[in-house]
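Peer 1: Dropping a structure here in structure tokens format, bear with me for questions.
The values are calculated or read from the model by the stated rules, or taken from the named source; none is laboratory data. Predicted, not measured: the structure shown is a model, and the values here were computed from it. As a convention, Cβ positions derive from the backbone with ideal geometry for all residues, glycine included, and neighbour counts pool all protein chains shown. Remember, those area values only see protein heavy atoms, side chains included, never the ligands or the DNA or RNA. Shrake-Rupley method; radii C 1.70, N 1.55, O 1.52, S 1.80 Å.
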Amino acid sequence: MTPLPSGSGAPRRQLPEVAAADLEVVRAVLPLRRPFVTAHGVERERHVVLVRATADDGSVGWGECPALAAPTYTGEWADGAEAVLRRFLLPAARAGRPHGLVGHPMAAGAVEVALLQLRLAAAGEPLAEWLGAVRERVPCGVVVGMGETVDEVLAEVEGHVAAGYRRVKLKVRPGRDVEPVRAVRAAWPDLALGVDANGSYGIADLDGSLRALDELGLVELEQPLPATDLLGSAAVRDALATPVCLDESITCVDDLAVAIALGACDHVNLKPARVGGVAAALAVHDLALARGVPLWVGGMLETGVGKAVALAFAALPGATLPGDLPSSSRWFETDLTEPFEVAPDGTMRVREAGPVRLP
Ligand SMILES: [Mg+2]
């Protein structure tokens, strides 16, 4: 059986052991309501990879591996994750032995979450409660991909502001940055506005685009430099007034410890899937909380299965900033679960995913 996640904070209640009688990969393709353009590329449909664990009593636990269709965000991708799950991860989990793999955190995390959900179901305890959630509703932000035109970006932001989102994040990359961000800032002078470069700048951009962005009163500059360039990130942080947030750079708690030691980040974007599931995400959360590094929970175009996990983390004490937690309807006509929706006050209720309906 998979070891219990414990994190480095308060011990979590012991859960009953539950053997998975069946463990399988489930695939689905959901059309996105609009293409999502980032520095990494374009997503037009969501290639969903789920792990379904079924216990003898028929109870079901789901985990979502939110790898994208191509290995552009990290090295994982949907079809590769499915292969790794079928060939290595599920056989190891069925045998109750450690998988022993290097890499593939999103795939491994999906197995961990599916098995954990079985145990939580047996205990009758929601994930958020078990983790130590301190809020029932969480503030939500939203991400806006790169539009074809500035007017397109403005129109999209207008819709999100009207919907009540507490923070808007614009995807940027060299050449598609200062003009749209300046236009959004001019239209909404008081909006909590951030940008996410997905590592697309170099340190040479410091005195160009990055400096220009720094003058726009942003709440955050996310992942300005490539994931491994922590020294560069520290230099950017030194040079600019805008808080620097790390996303792709933080693959595990050790990465965060190094980033803090180097002065490479002000904020952390925690995606539980990116770091390998609940145990690994708890460790990141607990270190950020202990070191006073504000954290928020990011998204990966998840269905409701992954959204429920993200919400549980967003309800923890260290998650002090609005996360990327959009309504299901932001991306999907029909989610796989009861849709998650942002209320007019820009918050979302923390709850479980509930039954999964496959298309
Ligand atoms: Mg990001």
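Peer 1: Among the candidates 134, 143, single out the residue that is in contact with a Gly (Cβ under 8 Å, 6 or more places away or on another chain), aliphatic (A, V, I, L, M) and within 16 Å of residue 297 (Cβ to Cβ). Give the steps one after another, and end with the answer.
Peer 2: Working: 134 fails: in contact with a Gly (Cβ under 8 Å, 6 or more places away or on another chain).
Exactly one of 134, 143 is in contact with a Gly (Cβ under 8 Å, 6 or more places away or on another chain), aliphatic (A, V, I, L, M) and within 16 Å of residue 297 (Cβ to Cβ), namely 143.
Peer 1: How many residues, within region 289-313, are within 16 Å of the ligand (Cβ to nearest atom) and in a helix (DSSP H, G or I)?
Peer 2: The total comes to 3.
Peer 1: Next up: Output the residue which, of all residues in region 220-242 that are part of a loop (DSSP other than H, G, I, E, B) and hydrophobic (A, V, I, L, M, F, W, C), is farthest from the ligand (Cβ to nearest atom).
Peer 2: Within region 220-242, the subset part of a loop (DSSP other than H, G, I, E, B) is 223-229, 240-242.
Then drop every residue that is not hydrophobic (A, V, I, L, M, F, W, C), which leaves 225, 227, 240-241.
Numbers: 225: 13, 227: 10, 240: 17, 241: 20 Å.
So, considering only residues that are part of a loop (DSSP other than H, G, I, E, B) and hydrophobic (A, V, I, L, M, F, W, C), the one farthest from the ligand (Cβ to nearest atom) is 241.
Peer 1: Are any residues in region 40-60 among the hydrophobic types (A, V, I, L, M, F, W, C) and surrounded by 15 or more Cβ atoms within 10 Å (Cβ to Cβ), and if so, which ones? Explain how you work it out, then say what you get.
Peer 2: Going through region 40-60, the residues among the hydrophobic types (A, V, I, L, M, F, W, C) turn out to be 42, 48-51, 53, 55, 60.
Once the filter is applied, which keeps residues that are among the hydrophobic types (A, V, I, L, M, F, W, C) and surrounded by 15 or more Cβ atoms within 10 Å (Cβ to Cβ), region 40-60 yields 48, 49, 50, 51, 53, 55, 60.
Peer 1: How many residues, within region 180-198, are within 16 Å of the ligand (Cβ to nearest atom) and under 17 Å from residue 36 (Cβ atoms)?
Peer 2: Looking only at that region, the number is 5.
Peer 1: Consider residue 207 carefully, then state whether it is assigned by TED's automatic domain parsing to the domain that holds residue 284 and closer than 17 Å to residue 177 by Cα.
Peer 2: Working: assigned by TED's automatic domain parsing to the domain that holds residue 284: yes; closer than 17 Å to residue 177 by Cα: yes.
So residue 207 passes the test.
Peer 1: More than 18 Å from residue 271 (Cβ to Cβ), surrounded by fewer than 22 Cβ atoms within 10 Å (Cβ to Cβ) and among the charged types (D, E, K, R), is that true of residue 205?
Peer 2: Numbers: more than 18 Å from residue 271 (Cβ to Cβ): yes; surrounded by fewer than 22 Cβ atoms within 10 Å (Cβ to Cβ): yes; among the charged types (D, E, K, R): yes.
So residue 205 fits the description; yes.
Peer 1: From the list 197, 187, pick out the single residue that is surrounded by fewer than 16 Cβ atoms within 10 Å (Cβ to Cβ) and either under 25 Å from residue 351 (Cβ atoms) or touching a residue at least 24 places away in the same chain (Cβ under 8 Å) (or both). Explain how you work it out, then say what you get.
Peer 2: Details: 197 fails: surrounded by fewer than 16 Cβ atoms within 10 Å (Cβ to Cβ).
Among 197, 187, only 187 is surrounded by fewer than 16 Cβ atoms within 10 Å (Cβ to Cβ) and either under 25 Å from residue 351 (Cβ atoms) or touching a residue at least 24 places away in the same chain (Cβ under 8 Å) (or both).
Peer 1: Which residues, counting only those in region 295-305, are modelled with pLDDT of 95 or more, touching a Gly at 6+ places or on another chain (Cβ under 9 Å) and over 11 Å from residue 270 (Cβ atoms)?
Peer 2: Answer for region 295-305, where residues must be modelled with pLDDT of 95 or more, touching a Gly at 6+ places or on another chain (Cβ under 9 Å) and over 11 Å from residue 270 (Cβ atoms): 304, 305.
Peer 1: Of all residues in region 98-128, which are surrounded by fewer than 16 Cβ atoms within 10 Å (Cβ to Cβ) and over 19 Å from the mean Cα position of the chain (by Cα)?
Peer 2: Applying the first criterion (surrounded by fewer than 16 Cβ atoms within 10 Å (Cβ to Cβ)) to region 98-128 yields 98, 100-103, 123-125.
Hits for region 98-128 are 98, 100, 101, 102, 123, 124, 125.
Peer 1: May I ask you to list pairs of residues, at least six apart or on different chains, whose Cβ atoms are under 7 Å apart, with the first in region 228-254 being more than 15 Å from residue 273 (Cα to Cα) and outside the structural domain of residue 74 (by TED's automatic domain parsing) and the second being surrounded by fewer than 19 Cβ atoms within 10 Å (Cβ to Cβ) and of a type outside the set (D, E, K, R)?
Peer 2: 230/258; 230/262; 231/262; 232/203; 234/262; 234/263; 235/203; 237/263
Peer 1: Return the only residue of 299, 354 being among the small types (Gly, Ala, Ser) and not assigned by TED's automatic domain parsing to the domain that holds residue 248. Steps first, answer last, please.
Peer 2: On the way: 299 fails: not assigned by TED's automatic domain parsing to the domain that holds residue 248.
That would be 354, the only listed residue that is among the small types (Gly, Ala, Ser) and not assigned by TED's automatic domain parsing to the domain that holds residue 248.
Peer 1: While we're looking at this one, here's another question. Give the residue that is farthest from the ligand (Cβ to nearest atom), with candidates limited to residues of region 150-179 that are in contact (Cβ under 8 Å) with a residue 24 or more places away in the chain, open to solvent by less than 40 Å² (accessible area, probe 1.4 Å) and in contact with a Gly (Cβ under 7 Å, 6 or more places away or on another chain).
Peer 2: 164
Conditions tested, residue by residue: (1) open to solvent by 20 Å² or more (accessible area, probe 1.4 Å); (2) over 16 Å from residue 107 (Cβ atoms); (3) basic (Lys, Arg).
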{"residue": "272", "(1), (2), (3)": "no, no, no"}
{"residue": "275", "(1), (2), (3)": "no, no, no"}
{"residue": "279", "(1), (2), (3)": "yes, no, no"}
{"residue": "283", "(1), (2), (3)": "yes, yes, no"}
{"residue": "286", "(1), (2), (3)": "no, yes, no"}
{"residue": "290", "(1), (2), (3)": "yes, yes, no"}
{"residue": "300", "(1), (2), (3)": "no, no, no"}
{"residue": "308", "(1), (2), (3)": "no, yes, no"}
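Peer 1: Go through 326, 322 for me and flag whichever is open to solvent by less than 20 Å² (accessible area, probe 1.4 Å), within 16 Å of the ligand (Cβ to nearest atom) and not aromatic (Phe, Trp, Tyr). Spell out how you get there, then give the answer.
Peer 2: Working: 322 fails: open to solvent by less than 20 Å² (accessible area, probe 1.4 Å).
Testing whether each residue is open to solvent by less than 20 Å² (accessible area, probe 1.4 Å), within 16 Å of the ligand (Cβ to nearest atom) and not aromatic (Phe, Trp, Tyr) leaves just 326.
Peer 1: Name the pairs whose Cβ atoms lie under 6 Å apart, with the first residue in region 343-359 and under 21 Å from residue 129 (Cβ atoms), the second of a type outside the set (Asp, Glu) and open to solvent by 80 Å² or more (accessible area, probe 1.4 Å), and 6 or more positions between them or separate chains?
Peer 2: Pairs found: 347/137; 349/137.
Peer 1: While we're looking at this one, here's another question. Return the residue satisfying two criteria in turn: it lies in region 243-276 and is of a type in the set (Asp, Glu) and more than 14 Å from the chain's Cα centre (by Cα), and of such residues it is farthest from the ligand (Cβ to nearest atom).
Peer 2: 254
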